[in-house]
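Colleague: Take this structure, written in structure tokens, and hold onto it; I'll ask about it next.
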Amino acid sequence: MANPAQKYRVCVIEDDPDVAFYMKTVLEKRADAQVVAVTDPSIALDTIAAFDPDVVITDIEMPGISGIDLLRELRGRHPGMPVVVMTAHVSVDYAVSALRAQADEFLTKPIASSELVAIVGRLAEEGRAKRAASQQQVVLAIGAHPDDVEIGVGGILSAHRDAGNQVVILTLSRGARGGDADDRQHESLAAAELLGARLFLEDLEDTRISAADPTVTIIERVVAEVKPDIVYTHSAHDRHQDHRAVHAAVSVATRDVRTVCCFQSPSATIDFRPTRFVPIDGFTEAKLRLIDCFRSQAEQRAYLEHDFVLATARYWSRFGGGTSCEPLEVMRDTADISVPASSIHTDARIRRTQE
């Protein structure tokens, strides 16, 4: 993570050498930034990986790879990295494509030097703040049965752990109706150990979990102990009664938690409508390894087959960038899910491109 006292690190991807030189000069002189200008887009991703910039600025129309394609790759490889997309052609279509691929800003050339310096400074500060905050986050994933959270957010939880966040799993039953309870308990412990997560394993009656007490009290106790910044749990849009009950209990017991999001279960209905799509590129194998811990279920549940899990993540990537995503319904969001970065941008910046 960058030291706040260090210069901002900016990577400019621009195939026009004159424009690249102009931007490099402006940012070095007026923003006191450390700038790498790349005029060959084919080496952009390797350069970014080696340089680890605070902000990336990319043109859209370039030979070999477009700025939108580059942005999608960056969202998969470096989810939280701020990216500015620029073009010489004012187009709403360009703006929409950029925002769908989760650009942080969309600019049209010629770009005023003062605007460039201001945007880079703001995004660099925001990016550094998010990276610093991610080291302090506590993440709590709450599921009704063993394997629920691993199926729903196994990739996201793996990304959180990779970023240094503390991950806690609360499983409210041992899943006796779906298999041997002792086997499922051991599988839950193995998955938590593999993930590096703290596990709370309760023993509420499978298929008869209540939306009130004792479920609410259990969740409140764990929330009070671990003090999570982010909670992931079941959606209300689910055919399984335990999943719906846990969702209702969580909505009460986590009323003071800043961010609460709902994941997709295999039993989710067509009314499950995610509004946030988190790229998990680089963490799909970790998710599969977590799911493989639940051998007693893998033998009888087709939705645990690797190709099914990967195809589901691949489908959701059409909305979130990268090649694999996990979808979330946002119940409440007053903090950032910064590992991986996943905010769906509003249409405010689309409007700005038309003004």
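Each value in this text was obtained by applying a stated rule to the coordinates, not by laboratory testing. Source: prediction; values computed, not measured. Ideal geometry is used to build each Cβ from the backbone, glycine not excepted, and the neighbour counts take in all protein chains shown.
Colleague: State, to one decimal in nm², a quarter of the convex hull surface area for the C-alpha atoms of the range 196-335, i.e. the direction-averaged projected area.
Modeller: Averaging across all directions leaves 8.9 nm² for the Cα convex hull.
Colleague: Under 8 Å for C-alpha pairs, at least 6 residues apart: give me the relative contact order for the chain, rounded to a whole percent.
Modeller: RCO, the chain: 18 percent.
Colleague: Measure out, as a whole number of angstrom, how far apart the alpha-carbon centroids of the range 1-78 and the range 156-191 sit.
Modeller: 40
Colleague: Express in nm, to one decimal, how much length is gained between ASP16 and LYS130 on full extension, taking 0.36 nm for each residue of separation and deducting their alpha carbon distance.
Modeller: Using 0.36 nm per residue and subtracting the Cα-Cα distance, I get 37.8 nm.
Colleague: Would you calculate a helix-derived [θ] at 222 nm for the chain, using -39,500 (n - 2.57) for each DSSP H run of n ≥ 4 and dividing by the full residue count, to the nearest 500?
Modeller: Result for the chain, helices only: -13500 deg cm²/dmol.
Colleague: If I take R0 = 45 Å and measure r between the Cβ atoms of ALA176 and THR25 in this structure, what FRET efficiency does the formula 1/(1 + (r/R0)^6) give, to the nearest 0.05?
Modeller: About 0.10, to the nearest 0.05.
Colleague: Right, next: Could you give the nm distance between label points at ARG198 and HIS89, where each point is 7 Å from its Cα heading toward the beta carbon?
Modeller: Simple spin-label model gives 5.4 nm for this pair.
Colleague: Given a Förster distance of 22 angstrom, what is the FRET efficiency for ASP183 paired with TYR315, based on the Cβ-Cβ distance and rounded to 0.05?
Modeller: Here the calculated transfer efficiency is 0.10.
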